[in-house]
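Written out below as structure tokens is the structure these notes cover.
The values are calculated or read from the model by the stated rules, or taken from the named source; none is laboratory data. In this text the structure is predicted, and so the values were computed from the model without any measurement. Heads up, the Cβs are rebuilt from the backbone with ideal geometry, glycines too, and the neighbour counts pull from every protein chain shown. The protein model used for the area step is the full one, side chains on, heavy atoms only, and it has no ligands, DNA or RNA in it. Shrake-Rupley method; radii C 1.70, N 1.55, O 1.52, S 1.80 Å.
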Amino acid sequence: MTITAVELGLYALGLAVLFLTPGPVWLAMTARALSGGFHAAWPLALGVVVGDVVWPLLAVLGVTWLVSVFSGFLVFLKWVATAFFLGMGFMILKNADKSISADSRLTRPGAWAGFVAGVAVILGNPKAILFYMGMLPGFFDLRTLTVADIVAICALSAAIPLLGNLVVAASVGQIRKLLASPEAVRRTNIIAGSLLILVGLIIPFT
């Protein structure tokens, strides 16, 4: 592997902070867990994993090709990643008081329905690959990635959200209270937004 433990650690931190921002998937996990317990919620988490592997893989391959064609493009993307984290952090802070809306497609009963819904919601968002294309160059030098590096990146991209979603499903009572409290959502968003800004400020020095 060419990437270091520090690079992987910073990337994992970025993924974890992004996950901590409450959103529709949190609500869907909570709704499924409330209706059928952990058994009903974990298929949705597995479905989301599919996209969490596919999108970063496509992003790595796409950015690597772009870098091979346009010299200096990787440096540009590093600053794009910095701007992305700073921008998202400030937007979360700006909208910290806003409520979260759920997607009813994610709450249909049944294990297979949950899995398919998870796959659909993550693969049905073309912005995801743009997100990874803008984010990954901020953490890694994509010109030197080996197969082992790519496997490690995709594994982290899947493992962090999966672990978080499973924790949400298992802690449905506490998560439900958090989502029902505007002040708790606001506090969580402020913490997540501040951490995103911190990650954005660190990226230029890595």
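Assorted remarks:
- Placing R0 at 35 angstrom, the Cβ-Cβ distance between Val116 and Thr4 gives a FRET efficiency of 0.40 after rounding to 0.05.
- Heavy atoms of Val147: accessible area, 1.4 Å probe, square angstrom to 10: 110
- In nm, spacing of pseudo-spin labels at Asp97 and Ala148 (7 Å Cα→C-beta vector): 5.2
- Fully extending the segment from Ala83 to Leu13, taken as 0.36 nm per residue of separation minus the present Cα-Cα distance, adds 23.5 nm.
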